[in-house]
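Only one structure is covered here, and it is reproduced in the block below.
The values are calculated or read from the model by the stated rules, or taken from the named source; none is laboratory data. Computed from a predicted model, the values in this text were never measured in an experiment. Here the Cβ positions follow ideal geometry from the backbone for every residue, glycine too, while neighbour counts run over all protein chains shown. We work out accessible area using only protein heavy atoms, side chains counted, and drop any ligands, DNA or RNA first. Shrake-Rupley method; radii C 1.70, N 1.55, O 1.52, S 1.80 Å.
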Amino acid sequence: MFEIEYEFREKDLVHFNELRLANDPDMQKKIRQNRMLVPAVMLVFGLFYYVYYVDTMTAAYITLLAIGWGIASPFIMKIDLRRQFFNKYTEAEKKAMFGLHRLVIEPECLYEKSPGGKHRTPWSEMLRVEKHKDYVYIYVDVDAAIVIPRETVKSGDLKAFVKQAESMIDRLG
(Lines give C-alpha, C1' and ligand atoms only; values in the text may rest on other atoms or scores of the structure.)
Protein backbone atom coordinates (compact mmCIF):
# COMPACT_ATOMS: atom_id res chain seq x y z
CA MET A 1 0.00 0.00 0.00
CA PHE A 2 1.41 3.40 -1.03
CA GLU A 3 1.03 6.36 1.28
CA ILE A 4 2.57 9.76 1.86
CA GLU A 5 2.28 12.42 4.53
CA TYR A 6 2.87 16.09 3.83
CA GLU A 7 2.05 19.56 5.08
CA PHE A 8 -0.18 21.90 3.07
CA ARG A 9 0.45 25.62 3.65
CA GLU A 10 -1.04 28.95 2.57
CA LYS A 11 1.76 29.54 0.07
CA ASP A 12 0.90 26.22 -1.61
CA LEU A 13 -2.70 27.35 -2.12
CA VAL A 14 -1.48 30.66 -3.55
CA HIS A 15 0.90 28.86 -5.89
CA PHE A 16 -1.86 26.58 -7.23
CA ASN A 17 -4.24 29.48 -7.84
CA GLU A 18 -1.52 31.54 -9.54
CA LEU A 19 -0.70 28.56 -11.76
CA ARG A 20 -4.36 28.30 -12.74
CA LEU A 21 -4.47 32.02 -13.57
CA ALA A 22 -1.24 31.83 -15.56
CA ASN A 23 -2.87 29.15 -17.72
CA ASP A 24 -6.16 31.07 -18.09
CA PRO A 25 -6.10 32.89 -21.47
CA ASP A 26 -9.00 35.21 -20.55
CA MET A 27 -7.28 36.43 -17.39
CA GLN A 28 -3.98 36.89 -19.20
CA LYS A 29 -5.79 38.94 -21.85
CA LYS A 30 -7.31 41.19 -19.15
CA ILE A 31 -3.93 41.68 -17.50
CA ARG A 32 -2.33 42.62 -20.84
CA GLN A 33 -5.20 45.02 -21.64
CA ASN A 34 -4.91 46.67 -18.24
CA ARG A 35 -1.16 46.92 -18.55
CA MET A 36 -1.26 48.46 -22.04
CA LEU A 37 -4.63 50.18 -22.50
CA VAL A 38 -4.64 52.36 -19.37
CA PRO A 39 -1.12 53.75 -19.98
CA ALA A 40 -1.95 54.30 -23.68
CA VAL A 41 -5.00 56.39 -22.76
CA MET A 42 -2.93 58.32 -20.22
CA LEU A 43 -0.25 58.98 -22.83
CA VAL A 44 -2.90 60.34 -25.21
CA PHE A 45 -4.00 62.77 -22.49
CA GLY A 46 -0.35 63.71 -21.89
CA LEU A 47 0.14 64.34 -25.60
CA PHE A 48 -3.05 66.44 -25.63
CA TYR A 49 -1.76 68.59 -22.76
CA TYR A 50 1.59 69.00 -24.46
CA VAL A 51 0.20 69.90 -27.89
CA TYR A 52 -2.94 71.84 -26.99
CA TYR A 53 -1.94 73.65 -23.77
CA VAL A 54 1.84 73.53 -24.28
CA ASP A 55 2.07 72.33 -20.68
CA THR A 56 5.28 70.32 -20.55
CA MET A 57 5.21 69.65 -16.79
CA THR A 58 1.69 68.19 -16.76
CA ALA A 59 2.47 66.10 -19.85
CA ALA A 60 5.65 64.83 -18.15
CA TYR A 61 3.73 63.92 -14.95
CA ILE A 62 1.06 62.08 -16.92
CA THR A 63 3.73 60.25 -18.94
CA LEU A 64 5.59 59.20 -15.78
CA LEU A 65 2.32 58.05 -14.22
CA ALA A 66 1.50 56.03 -17.35
CA ILE A 67 4.92 54.34 -17.33
CA GLY A 68 4.60 53.68 -13.59
CA TRP A 69 1.19 52.11 -14.10
CA GLY A 70 2.50 49.91 -16.91
CA ILE A 71 5.30 48.64 -14.67
CA ALA A 72 3.43 48.38 -11.34
CA SER A 73 -0.01 47.17 -12.43
CA PRO A 74 0.91 43.45 -12.74
CA PHE A 75 2.27 43.46 -9.19
CA ILE A 76 -0.74 45.33 -7.84
CA MET A 77 -3.09 42.93 -9.62
CA LYS A 78 -1.17 39.95 -8.23
CA ILE A 79 -1.50 41.26 -4.68
CA ASP A 80 -5.21 41.90 -5.21
CA LEU A 81 -5.75 38.42 -6.67
CA ARG A 82 -4.01 36.85 -3.65
CA ARG A 83 -6.34 38.79 -1.37
CA GLN A 84 -9.30 37.53 -3.38
CA PHE A 85 -8.06 33.91 -3.10
CA PHE A 86 -8.09 34.10 0.67
CA ASN A 87 -11.41 35.94 0.84
CA LYS A 88 -13.05 32.95 -0.92
CA TYR A 89 -12.50 30.80 2.16
CA THR A 90 -13.90 31.16 5.67
CA GLU A 91 -11.64 30.76 8.69
CA ALA A 92 -13.13 27.31 9.33
CA GLU A 93 -12.35 26.24 5.74
CA LYS A 94 -8.78 27.52 6.08
CA LYS A 95 -8.32 25.58 9.33
CA ALA A 96 -9.63 22.44 7.63
CA MET A 97 -7.39 22.96 4.61
CA PHE A 98 -3.98 23.82 6.05
CA GLY A 99 -1.87 21.40 8.04
CA LEU A 100 -0.76 17.79 7.91
CA HIS A 101 -2.34 15.61 5.19
CA ARG A 102 -2.04 11.88 4.69
CA LEU A 103 -2.85 10.19 1.37
CA VAL A 104 -3.24 6.44 1.00
CA ILE A 105 -3.74 4.61 -2.29
CA GLU A 106 -6.48 2.02 -1.91
CA PRO A 107 -7.71 -0.34 -4.65
CA GLU A 108 -10.93 1.60 -5.37
CA CYS A 109 -10.15 5.13 -4.13
CA LEU A 110 -7.65 7.63 -2.78
CA TYR A 111 -8.04 8.00 0.97
CA GLU A 112 -7.19 11.44 2.39
CA LYS A 113 -6.92 12.33 6.04
CA SER A 114 -6.54 16.05 6.68
CA PRO A 115 -7.32 18.58 9.42
CA GLY A 116 -10.76 18.84 7.80
CA GLY A 117 -11.52 15.14 8.24
CA LYS A 118 -11.35 11.95 6.22
CA HIS A 119 -12.33 11.68 2.58
CA ARG A 120 -12.31 8.97 -0.07
CA THR A 121 -12.18 9.91 -3.75
CA PRO A 122 -12.86 7.14 -6.27
CA TRP A 123 -10.23 6.78 -8.98
CA SER A 124 -12.95 7.10 -11.62
CA GLU A 125 -13.58 10.71 -10.51
CA MET A 126 -9.93 11.77 -10.87
CA LEU A 127 -8.73 13.37 -14.08
CA ARG A 128 -4.93 13.33 -14.11
CA VAL A 129 -1.66 13.78 -12.26
CA GLU A 130 0.61 16.70 -13.11
CA LYS A 131 4.22 16.83 -11.96
CA HIS A 132 6.01 20.15 -11.62
CA LYS A 133 9.38 21.10 -10.18
CA ASP A 134 8.13 21.85 -6.67
CA TYR A 135 4.62 20.38 -6.67
CA VAL A 136 2.52 17.40 -7.70
CA TYR A 137 -1.14 17.97 -8.54
CA ILE A 138 -3.77 15.25 -8.55
CA TYR A 139 -6.71 16.82 -10.37
CA VAL A 140 -10.12 15.83 -9.06
CA ASP A 141 -11.92 18.46 -11.16
CA VAL A 142 -11.04 20.86 -13.96
CA ASP A 143 -10.10 23.60 -11.49
CA ALA A 144 -9.56 21.62 -8.27
CA ALA A 145 -6.64 19.45 -7.29
CA ILE A 146 -4.92 17.79 -4.39
CA VAL A 147 -1.73 19.84 -4.10
CA ILE A 148 1.34 18.01 -2.81
CA PRO A 149 4.35 20.28 -2.15
CA ARG A 150 7.53 18.25 -2.65
CA GLU A 151 9.46 20.09 0.07
CA THR A 152 6.98 19.29 2.85
CA VAL A 153 6.64 15.54 2.28
CA LYS A 154 7.25 14.09 5.75
CA SER A 155 7.02 10.37 5.03
CA GLY A 156 6.60 8.03 2.10
CA ASP A 157 8.14 7.77 -1.35
CA LEU A 158 6.57 10.53 -3.46
CA LYS A 159 7.87 9.18 -6.79
CA ALA A 160 6.45 5.71 -6.19
CA PHE A 161 3.20 7.20 -4.89
CA VAL A 162 2.76 9.40 -7.98
CA LYS A 163 3.58 6.54 -10.34
CA GLN A 164 1.02 4.31 -8.63
CA ALA A 165 -1.62 7.09 -8.60
CA GLU A 166 -1.11 7.67 -12.34
CA SER A 167 -1.54 3.97 -13.09
CA MET A 168 -4.69 3.79 -10.92
CA ILE A 169 -6.22 6.79 -12.71
CA ASP A 170 -5.33 5.35 -16.12
CA ARG A 171 -6.70 1.92 -15.23
CA LEU A 172 -9.85 2.88 -13.31
CA GLY A 173 -10.46 6.47 -14.46
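In the context of the full set of protein chains, the chain has a per residue accessible area of 64 Å² (1.4 Å probe).
At q = 0.16, 0.27 Å⁻¹ the log10 of I(q)/I(0) for the stretch 1-84 amounts to -0.73, -1.21, computed by Debye summation with a single uniform scatterer per C-alpha, solvent ignored. Counting only aspartates and glutamates at least 8 places from K11 when in the same chain, those with an alpha carbon closer than 18 Å to its own are D80, E91, E93, D134, D143, E151. In the chain, carbon and sulfur make up what percent of the accessible area (probe 1.4 Å)? Here carbon and sulfur together make up 59 percent of the probe-accessible area. Entry note, the stretch 21-167: relative contact order of 11 percent, from Cα contacts under 8 Å with a spacing of 6+ residues. Here the scattering of the chain is modelled by Debye summation over its C-alpha atoms, one equal scatterer each and no solvent; at q = 0.10, 0.12 Å⁻¹ the log10 of I(q)/I(0) is -0.54, -0.67. Computed on the stretch 47-129, with alpha-carbon pairs under 8 angstrom and 6+ residues apart, the relative contact order is 14 percent. Only protein heavy atoms count here; on that basis, with a 1.4 Å probe, E3 has an accessible area of about 80 Å².
With the whole protein complex present, D55 retains an accessible surface near 50 Å², based on a 1.4 Å probe.
Counted residue by residue at 0.36 nm each, then reduced by the alpha carbon distance between them, the extension gain from V51 to I71 reaches 4.6 nm.
Each part reduced to its alpha carbon centroid, the stretch 146-164 and the stretch 27-81 end up 45 Å apart.
Taking the square roots of five times each eigenvalue of the Cα gyration tensor of the stretch 101-173, the equivalent ellipsoid has semi-axes of 17, 15, 12 Å, listed largest first.
Residues considered: Y89, Y139, Y61. Largest GNM mean-square fluctuation over the chain, using C-alpha springs under 10 Å, is found at Y61.
Its residue count N sets the reference 2.2 N^0.38 Å, and the alpha-carbon radius of gyration of the stretch 51-127 equals 2.17 times that reference. 3J(HN,Hα) couplings calculated from phi for the stretch 156-166 with the Karplus curve 6.51 cos²θ - 1.76 cosθ + 1.60 (θ = phi - 60°) are, in sequence order, x, 9, 5, 4, 5, 4, 5, 4, 5, 4, 4 Hz; Gly and Pro show x. In this structure, K94 and L172 have a Cβ-Cβ separation that, at R0 = 30 Å, corresponds to a calculated FRET efficiency of about 0.40.
Working from label points 7 Å from Cα in the Cα-to-Cβ sense, the T121 to K78 distance is 2.7 nm.
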